[in-house]
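Engineer: This is the structure I want to talk about, given as structure tokens.
The values are calculated or read from the model by the stated rules, or taken from the named source; none is laboratory data. On a predicted model such as this, the values are computed, not experimentally measured, just so you know. Positions of Cβ are backbone-derived with ideal geometry, glycine not excepted, and every protein chain shown enters the neighbour counts.
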Amino acid sequence: MRSMQGGRRQAPPPFYVLRGVGAAVNALVFHPMLPVLYVGSGAGDVAAWSLETLRPLREPRQVHTHAGVLHLELLSGGAVLLSHGRDGDVVSVDVDAASGVLGRELGRVATRSVTFCRATVLQQGPECLVLVPDEHETKTLVAWRMDVTASAPVLRLVPGRGRKTGMAMASACGPGSHTVLAGYESGDLVLWDTETGAWLHSVRVLQEAVLCIRLVPNTGGGMVSGADAAAAGFLVDQETMQLSKTQHALPLAAPGCGDIAVRRDGKLVALAGWDRRVRLYEAGSLRPLAILRHHSESVYAVAFASHQLGVIASGGKDQEIALWRVYPG
């Protein structure tokens, strides 16, 4: 496999390419136990694809308007699929335990938030909470209970006066059970306390908007990327709740990264580039490992398989899903 530092071995081509989505591929997530990949499209539908037959299990489900799907996430060990759309709706759908087929709709909350910031699940179970930007004050993040009777958010994370963050563009669960990380248009990364709503600490991690945040297990921090021609690492001191930017700046060949994925063993990180490339890094050191080339347009989503360690899926504007087999150990 060719490394990004100029080795001789070539990165492998995809072992298969899934076609027929019919719109841009905006979101990807693998079932944690079954050979099934869930695909959220720019047309607002969600489909479950079998990785054994390499075909959809059923016809795509129209979950959102044609504004498209922003984010997919599996909850409760794969029993529930959560879908967040550009129409502002957050929808939960039952998943068949044996086949992975999508079942009935369990709940729908109309947050009326129509930004590009993907929802973050703060709490699972009967009291499931999802975090999205406020419909009016887009720098403010609000948490909604996944309850059909919900009419207002139950938590607000409001930057104070004088803090010029711009819009909230990304979020992710922080270390511990009561923190969340938020990325803003200003390039700032902020650590929030979700019990008190307090701003704990912030650091400027990028020059442009932060669009993706991922914690990396066993590193004490994670990675961010966005509209810059670079990605960056960060650390969280869990005693002082202070953020710091690491020295591992990752220059990219072109600006823009649509998604970050971390392999379940915490060893690999993948970046989905607007320059049509998927870049792989060693998680601890952020050492560049490989560049995967297939897509003809921007890559919007990347995901590591849970059922098979060496499989990666990538998708984007070209309406194709590339399946790769790299670094199986």
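Engineer: Would you tally the residues in the stretch 306-329 being in a loop (DSSP other than H, G, I, E, B) and surrounded by 22 or more Cβ atoms within 10 Å (Cβ to Cβ)?
Structural biologist: Let us first name the residues in the stretch 306-329 that are in a loop (DSSP other than H, G, I, E, B), namely 306-310, 317-320, 326-329.
After this cut, where a residue has to be surrounded by 22 or more Cβ atoms within 10 Å (Cβ to Cβ) as well, the list is none.
The total comes to 0.
Engineer: Counting just the residues of the stretch 44-65 that are of a type in the set (S, T, Y) and part of a loop (DSSP other than H, G, I, E, B), which one comes out surrounded by the most Cβ atoms within 10 Å (Cβ to Cβ)?
Structural biologist: Here is the first cut: in the stretch 44-65, the ones of a type in the set (S, T, Y) are 50, 53, 65.
Now narrow it down to the ones that are part of a loop (DSSP other than H, G, I, E, B): 53, 65.
Numbers: T53: 9, T65: 13.
Across the stretch 44-65, the extreme among qualifying residues is T65.
Engineer: Identify the residue in the stretch 175-192 that is free of Cβ contacts under 8 Å to residues at least 24 places away in the same chain and of a type outside the set (G, A, S) and, among all such residues, is surrounded by the fewest Cβ atoms within 10 Å (Cβ to Cβ). Outline the logic, then answer.
Structural biologist: Narrowing the stretch 175-192 to residues free of Cβ contacts under 8 Å to residues at least 24 places away in the same chain: 177-178, 186, 188.
Next cut, of a type outside the set (G, A, S) only: 178, 188.
Working: H178: 14, D188: 21.
Only one residue tops the list, namely H178.
Engineer: Being within 17 Å of the chain's Cα centre (by Cα) and not aliphatic (A, V, I, L, M) is the requirement here; does H71 meet it? Let's see the steps before the verdict.
Structural biologist: Details: within 17 Å of the chain's Cα centre (by Cα): yes; not aliphatic (A, V, I, L, M): yes.
Answer is yes for this residue.
Engineer: Only one of V158, V216 is aliphatic (A, V, I, L, M), within 24 Å of L82 (Cα to Cα) and out of contact with any helix residue (DSSP H, G or I) (no Cβ under 7 Å at 6 or more places or on another chain). Can you tell me which? Step through it out loud before you land on a result.
Structural biologist: Values: V158 fails: within 24 Å of L82 (Cα to Cα).
Criteria check complete, one pass: V216.
Engineer: Moving on to the next point. Name the residues in the stretch 201-223 that are aliphatic (A, V, I, L, M) and either assigned to a loop (DSSP other than H, G, I, E, B) or without any contact (Cβ under 8 Å) to a residue 12 or more places away in the chain (or both), would you?
Structural biologist: Once the filter is applied, which keeps residues that are aliphatic (A, V, I, L, M) and either assigned to a loop (DSSP other than H, G, I, E, B) or without any contact (Cβ under 8 Å) to a residue 12 or more places away in the chain (or both), the stretch 201-223 yields V205, L206, A209.
Engineer: Of the numbered conditions (1) of a type in the set (S, T, N, Q); (2) at pLDDT 95 or above; (3) surrounded by fewer than 22 Cβ atoms within 10 Å (Cβ to Cβ), S41 satisfies every one except a single condition; which is it?
Structural biologist: Of everything listed in (1) of a type in the set (S, T, N, Q); (2) at pLDDT 95 or above; (3) surrounded by fewer than 22 Cβ atoms within 10 Å (Cβ to Cβ), S41 misses just condition (3).
Engineer: Still on this structure, please answer the following. Take the residues of the stretch 249-305 that are part of a strand (DSSP E or B) and basic (K, R): which is farthest from L18 (Cα to Cα)? Write out each step before concluding.
Structural biologist: As a first pass, look at the stretch 249-305 and keep what is part of a strand (DSSP E or B): 250-251, 257-262, 268-273, 277-282, 288-293, 299-304.
Adding the requirement that they be basic (K, R) leaves 277, 279, 293.
On the way: R277: 17, R279: 20, R293: 15 Å.
Within the stretch 249-305, the match that is farthest from L18 (Cα to Cα) is R279.
Engineer: Can you tell me which residue within the stretch 265-279, out of those that are closer than 21 Å to A227 by Cβ and among the hydrophobic types (A, V, I, L, M, F, W, C), is surrounded by the fewest Cβ atoms within 10 Å (Cβ to Cβ)? Before you say what the answer is, go through the steps one by one.
Structural biologist: Step one: list which residues in the stretch 265-279 are closer than 21 Å to A227 by Cβ, which gives 269-279.
Subsequent filtering for residues that are among the hydrophobic types (A, V, I, L, M, F, W, C) retains 269-272, 274, 278.
Working: V269: 27, A270: 26, L271: 24, A272: 28, W274: 20, V278: 26.
Result: W274.
Engineer: Looking at the stretch 95-113, which of the residues that are modelled with pLDDT under 95 and touching a Gly at 6+ places or on another chain (Cβ under 8 Å) is surrounded by the fewest Cβ atoms within 10 Å (Cβ to Cβ)?
Structural biologist: The residue in question is R112.
Engineer: Exactly one of (1) part of a loop (DSSP other than H, G, I, E, B); (2) among the polar types (S, T, N, Q); (3) under 23 Å from F234 (Cα atoms); (4) under 20 Å from the mean Cα position of the chain (by Cα) is unmet by S171. Its number?
Structural biologist: (1)
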